[in-house]
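First the structure, in the form of structure tokens, and then the observations on it.
Each value in this text was obtained by applying a stated rule to the coordinates, not by laboratory testing. Fair warning: this is a prediction, and the values are worked out from it, not measured in the lab. A quick note on method: Cβ atoms are made from the backbone with ideal geometry, for glycine too, and the neighbour counts reach across all protein chains shown.
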Amino acid sequence: MRRANNYGCITKLSGKRRRPYIVTKYDKKASLKPNKDGTYSEKRKILGYFATLKEAEMFLANYNTKDALPDDTEAFYNITFKEVYDIWAERHLHKLRENTQKWYNKTIKKLTPLHKMKVRELRLYHLQSFIDSLGMVDKGTFNQLKIVMNAVFEWALKNDIITKNYVQYLEADTKEVVSHKPLTHKEYEKLWRSSEDIAKLILIYCHTGVRPSEFIELKKENVYDNYFKIVNSKTKSGIRTVPIADKIKPFFNDFIGKYDYQTYLSEFKEILPNHTPHDTRATFVSFAAEKGNDKVLIQKIVGHKAGDVTTDVYTTISLEPLLKVVNSI
């Protein structure tokens, strides 16, 4: 029976092989890229290798219907780290934003030493040895690697290929960020000239001084005409009222609940590769101070303790002076 378009293809490889049946599917993205000679050809991605035709057909049928995989785990006994990732990516990456997809594709390349290793044979020792080989890494890179590895191991765990996910036990010598550097005025003006959504979101951070997590977790019920409330914080001073500058009002509500942190981080790095998301707080403080605003007002907006008991406990500041601060930038 002829299979439906883009259903997938099963081919028996020549020679003596333990898993001679290969399942492939048309790769539209790869096919749209020209070959070295400038011509175009159909390219296919490998979904898996199987011992029998029946196992291959079962896998392909379940793959297309996105149902549970066959109970016979022998078909996946020797599946590699990269093969698992490719299956996971085929099912999940299309649900993510384009820049997040790029981030995953970049990160999987960093894990090349693990690509050909059989998932069932991978132990904490192998994963930790890979991390150790990287030397000192920043926390962001370490967490990105763990996210991709965890996706592979969770898939394998759910499909009974492995019995334990070792990613949770990984450790790394991470670099601590000593200080944050504000954006330059040139970088700031460039954001205003950009038509990208991520530029507008970064400007919201620059004009409010909030932490990335504070805006990401912001609920619409805590947003008012010219201010919003941070209702959850690790510190008492972090629970506060933040004014909304007139400049960002037209698009402020458009970004509430739109980004998760990983998506924000990946898109942020695309437009400001030499900065970290927390640099926007430093930008707000720096720009507000340049305009001669009162230090206490700036601290109230960003949720810093003033360091003075009288100021912290007994001083209540109305919204009007806070609005003047954010509108001065």
Q) How high is the relative contact order of the stretch 79-176, given as a whole-number percent (alpha carbon pairs under 8 Å, six or more residues apart)? A) 37 percent
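How big is the Rg/Rh ratio for the stretch 161-244, C-alpha atoms only, Rh by Kirkwood, two decimals? Numbers along the way, then the final one.
Values: Rg = 18.2 Å, Rh = 16.3 Å.
Rg/Rh for the stretch 161-244 comes to 1.12.
What is the mean projected area of the alpha carbon convex hull for the stretch 113-268, to one decimal in square nanometres? Intermediate results must be reported in sequence, preceding the final value.
Working: hull surface 50.8 nm².
The orientation-averaged projected area of the Cα hull of the stretch 113-268 comes to 12.7 nm².
I want to verify the translational diffusion coefficient of the stretch 135-207 in µm²/s; compute it with Stokes-Einstein, Rh as the Kirkwood radius over Cα pairs, at 10 °C and 1.306 mPa s. Display every interim value, and only then the final one.
Numbers: Rh = 15.8 Å.
So the translational diffusion coefficient is about 101 µm²/s.
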Q) In whole Å, what three semi-axes, largest first, describe the equivalent ellipsoid of the stretch 264-308 built from its Cα gyration tensor (square root of 5 times each eigenvalue)? A) 26, 12, 6
(Q) List the trypsin sites (Lys or Arg not before Pro) within the stretch 104-201 that DSSP assigns to loop and that have no more than 14 neighbouring Cβ atoms inside 10 Å. (A) 116, 123, 164
Q: Can you spot the lysines whose alpha carbon is less than 20 Å from residue 186's alpha carbon? Ignore those fewer than 8 places along the same chain.
A: 200, 247, 269, 291
(Q) Just to be sure I understand the model, the point goes 7 Å from the Cα along the line to the Cβ. What's the resulting residue 278 to residue 17 distance in nm? (A) 5.0 nm
Q: Could you pull out every one of the aspartates and glutamates with an alpha carbon less than 16 Å from that of residue 36, ignoring same-chain neighbours closer than 8 positions?
A: none
**Q.** Largest to smallest principal axis extent of the C-alpha atoms in the stretch 79-176, angstrom
**A.** 35, 32, 20
Q. Near the amide H of residue 240, under 5 Å away, which other amide H atoms are found, from residues 5 or more places off or on another chain, if H is placed in the peptide plane?
A. 230
Q) Amide H to amide H under 5 Å from residue 227: which residues, 5+ apart in sequence or cross-chain, H placed 1.01 Å off N in plane? A) 244
(Q) For the stretch 185-328, take every pair of Cα atoms, bin their distances at 10 Å starting from 0, and report each bin as a whole percent. (A) 11, 44, 36, 9, 1
Q. Rg to Rh ratio, the chain, alpha-carbon atoms and Kirkwood radius?
A. 1.08
